[in-house]
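Scroll down for the structure; my scribbles are underneath it.
Read-outs throughout are calculated quantities, based only on the coordinates presented, and are distinct from any laboratory measurement. Since the structure is predicted, the reported quantities are computational estimates derived from the model, not experimental observations. Every residue, glycine among them, receives a Cβ derived from its backbone with ideal geometry; neighbour counts consider all protein chains shown.
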């Protein structure tokens, strides 16, 4: 009887652990703010995924999924720039973007916004041997 209770307890712990693990995976792969856009020359599609909608002050954790014909692209050289076109100024920070093979996405670090209004992010996809150069522009407003 002791062993059957022990087995039941171990099974319960394992199931609980698996549930926590899947909850962690789900929480780390969800975004509450998403913008999708096709590049200017229609070579690529981009999904910009952020943990929350853009706000003022703090850094915005985001990732970028780049694909062509629904095939993810992992070897692109991407530069990020942006700003407020109506005010003729750029971003208040110099964000970086780099490939994360574990998340299968490009991670954007250092993205921050300083005032309400219309903002624009541009992702410059540099030409490589296999990839043509193109630009993706994403527009949004911070209230």
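Can you give me the distance in nm between label points at residue 52 and residue 103, each placed 7 Å from the Cα along the Cα-to-Cβ direction?
1.7
Among 104, 112, which comes first, second and so on when ranked by fewest other beta-carbon atoms within 10 Å?
Lowest to highest Cβ neighbour count: 104, 112.
Arrange 67, 45 by Cβ neighbour counts within 10 Å, fewest through most, would you?
The fewest-first ordering by Cβ neighbours comes to 67, 45.
Most exposed first by the Cβ proxy, i.e. fewest other Cβ within 10 Å, how do 36, 98, 70, 63 rank?
With the fewest neighbours first, 36, 98, 70, 63 line up as 70, 98, 36, 63.
Quick one: which of 122-128, 55-61 comes out on top by average Cβ neighbours within 10 Å, and what's the full order, highest first?
In decreasing order of mean packing, 122-128, 55-61 become 122-128, 55-61.
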